[in-house]
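S.K.: Handing you a structure now.
The values are calculated or read from the model by the stated rules, or taken from the named source; none is laboratory data. Only a predicted model underlies this, so the values are computations on that prediction, with no experimental measurement involved. Cβ placement follows ideal geometry from the backbone for every residue including glycine, while neighbour counts extend to all protein chains displayed.
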2 protein chains.
Amino acid sequence: MPKTAAAGKPARAPAKTVKTAKPAKVKRALPRAPAARSPAAVSRRLRQIEDKRSVILTAALGLFSRFGLHGTSIDQVAARADVSKSNLLYYFANKEELYVCVLRDLLAVWLEPLRGFSPEQDPRKAIGDYIRRKLVISRDRPDASRLFCLEMIQGAPLLRDELGRELRDLVERKSEVIRQWVADGKLAPVDPHHLIFALWATTQHYADFGVQVQAITGRTLDDPGFFEEAVDNVQRIVLQGASAHADSASGR
Amino acid sequence: MPKTAAAGKPARAPAKTVKTAKPAKVKRALPRAPAARSPAAVSRRLRQIEDKRSVILTAALGLFSRFGLHGTSIDQVAARADVSKSNLLYYFANKEELYVCVLRDLLAVWLEPLRGFSPEQDPRKAIGDYIRRKLVISRDRPDASRLFCLEMIQGAPLLRDELGRELRDLVERKSEVIRQWVADGKLAPVDPHHLIFALWATTQHYADFGVQVQAITGRTLDDPGFFEEAVDNVQRIVLQGASAHADSASGR
DNA sequence: GTCTATAATATGATAGAC
DNA sequence: GTCTATCATATTATAGAC
């Protein structure tokens, strides 16, 4: 694993007994359009390449999201994608590159829903919608959610830069929106960061801890009844809170 | 890895090219009190053994919680525990056993705080206290939280049984308490399962996604000010909700 | 109990024919 | 582009001396 010792290191505990640490070979770039040929043929070929890459990436996501980078072998990904190992290594120079590609595809999906927040919206509606959309993702792309979680747990060695930049900026912008809502009295006085964390946590939980959810409730988000139940409850908890309110019977 | 093919299998994608699948050797049991000796000497020895096991387990938790089972080598654990690899393998028959031991220690810690809930408590205080206690754990034992999360993501292959039994029973008992609170009008009408999920998710988030939290806020729970901020905000969100209430300015 | 080999093997990656 | 060897190595686990 410590083949490329210097660059963006993957999640692995620092080896104690390092032998020699080879001088980091430079890998070839991805197969790109070779040069001139009939335009139609080129585009057809490019599409085929992209398709195959995509098949591999999907297979990789499924395995990485369950077993992590080290728990998954190239062989397994290849088998799942129905290509040979060497063929896979033709499309992705090495395992780590494959992993990073999977992650990179993820981040975009990940940041998307948050972009929706804008000051002129009704915050209750905006937040309610956001919860639903994130739960849809937890239902339809639990593997994406899990891989993201896995990467976070490991300290996000391959996303750290993006985290520090893209994510942070987006969160800052949306925090400003939330602050505005609070200032306008449309939202209870709550710290935007912690509110965003609560939104992320409560919704992703159904994907990342899906096994636990199923062990306890016996159901999954694929069950439409349970899905709506989850949406409704998360929305109620985050928006109204669990305390009894004035309009219901009040204890103490 | 597919050495013991049958039993409680660890989180690894099913290998495609299985060679022979050996007939699962029976491993020796742990070193236990050999027999008769001076009682004092025996107890001293036993303590030493337990101490060493404990040191190894702690080192293992630290690494497993970051890099997972497959991302951690026995060598690394041994180095961190400051014992030789062979010596480690004297105390734990194999890597998997070590991993399971670490997990087993965890579950107890994990279930503890929830036991606190009882019907005669004021729910707001009970839930508020629970949030604080879980955040203390997220602060003081983030590695425990992360490993638990890792295991869940992977489908909890080694905890599945316990999940189905212990955890489920405990949650059922506490759900009954919550239902009682709701029936008494002390709590808003909320499904106990989803409330418990929300409590877990919002509090563990600060440990499991600690890197993200730090990337965004620049702070960690080790900062006392941030810790109190987190406690306060999570309590407010879960108990009162984010919506503006009657007593504050009401938008629309 | 602890150590030094060393066996056994899984897996990442490359070379080179076609 | 795809395949069949094949190499190289990291790592688990055991054997056996002390």
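S.K.: For region A:238-249, give me the residue count where each residue is at the interface with another protein chain (Cβ under 7 Å from one of its Cβ atoms) and at pLDDT below 95.
M.R.: 8
S.K.: Just to check your reading of the model, which residue among B:213, B:190 is closer than 24 Å to residue A:170 by Cα and either out of contact with any Asp or Glu (no Cβ under 9 Å at 6 or more places or on another chain) or not polar (S, T, N, Q) (or both)?
M.R.: B:213
S.K.: Is it the case, given these coordinates, that residue B:29 is more than 8 Å from DNA strand C (Cβ to nearest atom) and either at pLDDT below 95 or surrounded by 12 or more Cβ atoms within 10 Å (Cβ to Cβ) (or both)?
M.R.: Criteria met by residue B:29.
S.K.: Have a look at A:106, A:98, A:111 and point out the one that is under 16 Å from residue A:207 (Cα atoms) and in a helix (DSSP H, G or I).
M.R.: Matching residue, one of A:106, A:98, A:111: A:106.
S.K.: Given the criteria of a type in the set (Lys, Arg), within 10 Å of chain A (Cβ to nearest Cβ) and surrounded by fewer than 18 Cβ atoms within 10 Å (Cβ to Cβ), does residue B:168 qualify?
M.R.: yes
S.K.: Considering each residue of region A:214-228, count those that are outside any helix (DSSP H, G or I) and either under 13 Å from residue B:156 (Cα atoms) or facing chain B (nearest Cβ under 10 Å) (or both), and give that number.
M.R.: 2
S.K.: Still on this model: Criterion first (free of Cβ contacts under 8 Å to residues at least 24 places away in the same chain, of a type outside the set (Phe, Trp, Tyr) and facing chain A (nearest Cβ under 7 Å)) does residue B:188 satisfy it?
M.R.: yes
S.K.: So, of the residues in region B:70-81 that are more than 9 Å from DNA strand C (Cβ to nearest atom) and part of a loop (DSSP other than H, G, I, E, B), which turns out to be farthest from residue A:64 (Cα to Cα)?
M.R.: B:73
S.K.: Residues to consider are B:179, B:160, B:173; find the one that is farther than 30 Å from residue A:162 by Cα, charged (D, E, K, R) and at the interface with another protein chain (Cβ under 8 Å from one of its Cβ atoms).
M.R.: B:160
S.K.: Now, a different point. Going through region B:67-84 one residue at a time, which ones are loosely packed, with under 15 Cβ neighbours inside 10 Å and either in contact (Cβ under 8 Å) with a residue 40 or more places away in the chain or within 10 Å of DNA strand D (Cβ to nearest atom) (or both)?
M.R.: Result: B:84, single match.
S.K.: Kindly indicate whether any position in region A:82-93 is at the interface with chain B (Cβ under 9 Å from one of its Cβ atoms), assigned to a loop (DSSP other than H, G, I, E, B) and touching a Leu at 6+ places or on another chain (Cβ under 8 Å).
M.R.: Checked region A:82-93: no residue is at the interface with chain B (Cβ under 9 Å from one of its Cβ atoms), assigned to a loop (DSSP other than H, G, I, E, B) and touching a Leu at 6+ places or on another chain (Cβ under 8 Å).
S.K.: Identify the single condition in (1) more than 7 Å from every other protein chain (Cβ to nearest Cβ); (2) closer than 18 Å to residue A:154 by Cα; (3) surrounded by fewer than 18 Cβ atoms within 10 Å (Cβ to Cβ) that residue B:155 does not satisfy, given that it satisfies every other one.
M.R.: (1)
S.K.: Any residue in region B:85-114 that is under 20 Å from residue B:74 (Cα atoms) and of a type in the set (Ser, Thr, Tyr) sitting within a Cβ distance under 6 Å of a residue that is more than 8 Å from DNA strand D (Cβ to nearest atom) and not in a helix (DSSP H, G or I)? List the pairs, counting only those 6 or more apart or interchain.
M.R.: B:99/B:69
S.K.: I've got another one for you. Check residue A:235 against each of (1) at the interface with chain B (Cβ under 7 Å from one of its Cβ atoms); (2) touching a Gly at 6+ places or on another chain (Cβ under 7 Å); (3) in a helix (DSSP H, G or I) and name the one condition it does not meet.
M.R.: Going through the list (1) at the interface with chain B (Cβ under 7 Å from one of its Cβ atoms); (2) touching a Gly at 6+ places or on another chain (Cβ under 7 Å); (3) in a helix (DSSP H, G or I), residue A:235 breaks only (1).
S.K.: Please pick out the residue among B:118, B:138 that is crowded, with 20+ Cβ neighbours inside 10 Å, more than 16 Å from DNA strand D (Cβ to nearest atom) and of a type in the set (Gly, Ala, Ser).
M.R.: Of the residues listed, the single one that is crowded, with 20+ Cβ neighbours inside 10 Å, more than 16 Å from DNA strand D (Cβ to nearest atom) and of a type in the set (Gly, Ala, Ser) is B:138.
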